[in-house]
1. Search the stretch 173-202 for residues that are among the polar types (S, T, N, Q) and pair each with any residue that is open to solvent by less than 40 Å² (accessible area, probe 1.4 Å) and in a helix (DSSP H, G or I) when their beta-carbon atoms are under 8 Å apart and the residues are at least 6 apart or on different chains.
2. Looking at (1) in contact with a Gly (Cβ under 6 Å, 6 or more places away or on another chain); (2) open to solvent by 60 Å² or more (accessible area, probe 1.4 Å), which one does ARG221 not meet, given that it meets all the others?
3. Only one of (1) at pLDDT below 95; (2) touching a strand residue (DSSP E or B) at 6+ places or on another chain (Cβ under 8 Å); (3) outside any loop (DSSP other than H, G, I, E, B) fails for PRO71. Which number is that?
4. Restricting to the stretch 118-156, name every residue that is in a helix (DSSP H, G or I), open to solvent by 60 Å² or more (accessible area, probe 1.4 Å) and among the hydrophobic types (A, V, I, L, M, F, W, C).
5. Name the one entry in VAL216, VAL226, VAL191 that is part of a helix (DSSP H, G or I) and surrounded by 14 or more Cβ atoms within 10 Å (Cβ to Cβ).
6. Considering each residue of the stretch 55-98, count those that are farther than 23 Å from SER124 by Cα and not aromatic (Phe, Trp, Tyr), and give that number.
7. Please enumerate the residues belonging to the stretch 285-303 that are more than 22 Å from TYR166 (Cβ to Cβ) and at pLDDT 90 or above.
8. Sort out which residues of the stretch 76-105 are charged (D, E, K, R), in a helix (DSSP H, G or I) and either surrounded by 12 or more Cβ atoms within 10 Å (Cβ to Cβ) or in contact with a helix residue (DSSP H, G or I) (Cβ under 6 Å, 6 or more places away or on another chain) (or both), and write them in order of number.
Amino acid sequence: MTTPDSAAPAADLATGRVVLLTTSHRVAPGLLSWPAWQALRGADRVLCGDGGHPQLPYLREAGIEVEHAVPAARELVDYCVAEGGRSAVVITSADGESALTDGLARLAGSGREAMPDLELLPGSYDLPGARLLDLVQVMDRIRAECPWSGARTHEELVKYGIEEAYELVEAIEEGDREALREELGDVLLQVVFHARIAQEHEDEPFSIDDVAGAIVDKLIRRHPHVFGEEAAETAEDVKEHWLRTKAIEKQRDSVTEGVPLGQPSLALTAQLASRARTAGLAVALPDGEGFGYELLALAIRAKEAGVEPETALRAAARAYRDAILAVEATAAR
């Protein structure tokens, strides 16, 4: 890519220069790199086939004249090669300039043409997370134009959120990287979908920006060792900071508050046991007989040993599934 120090004036180029200037719609228009502005200001012609390109008003403000058409490759090459070399910058549209680039490639590949220097110059770059903006825009359109998605409520989407969470767990357990990426996307979709529905609430609307802003604030508050002056040398120190900050925020009367009773029973038992142990509460097991109380005792024992009972049972269940498959295969033979 051309840099400010290496960019040559148009007059010094023997055969001229064609610059294809790309920009990202995910970056505010007008925020172009210095090499991009340098190329635009030094060009003999600036061309853009998209009359509605978001960069055009800002180029006009900067005093850069833009022609709202892109000539064919032959015409552009002849223009740049003529008179000792002239430069042209083509601001590409969202769909690209395939006709022009294909034509330039054919002329350059023939080996019989005097060709200008061809350069692809990114004028703006996507920041990490930029594709999330695309997701928000796509969800906005789907909500407005899709008969099914446009009618959904939070309550109707609950079952899908649960299903996607379990599919994510399965992808992690199976070690399937491709499935993991896909299932993370499906879980993310649930967040964006619910946030989009929430925008329409008559009394208490909120958006995906409110959701993201709230979790950013929470993460900063609960990581004083990263964003503040607290020190944390071990994972246990971090956990202590998190729990202390959370206790101050929530001001709960019981450690059981905030524990969802609708979650799977093993996970529920593990979370209650963890809350009680963290609070330093010595809680005797309730009196009772039957499998439920036996499972309760086993789950608490697992948690005390540092084992997640839900994860342990799922692993054992997968081994049992494999044993069933083996028996079925033997029977089939």
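The values are calculated or read from the model by the stated rules, or taken from the named source; none is laboratory data. Every value quoted in this text rests on a predicted model; they were computed, and no experiment measured them. So basically every Cβ, Gly included, is an ideal-geometry build from the backbone, and we count neighbours across all protein chains shown. Ligands, DNA and RNA are excluded from the accessible area calculation, which covers all protein heavy atoms including side chains. Shrake-Rupley method; radii C 1.70, N 1.55, O 1.52, S 1.80 Å.
1. From the stretch 173-202, the pairs are GLN190/LEU157; GLN190/GLY161; GLN190/GLU164.
2. (1)
3. Every listed condition holds for PRO71 apart from (3).
4. Across the stretch 118-156, the qualifying residues are LEU132, LEU133, VAL138, ILE142, ALA144.
5. VAL191
6. 15
7. GLY290, PHE291, GLY292, TYR293, GLU294, LEU296, ALA297, LEU298, ILE300, ARG301
8. ASP78
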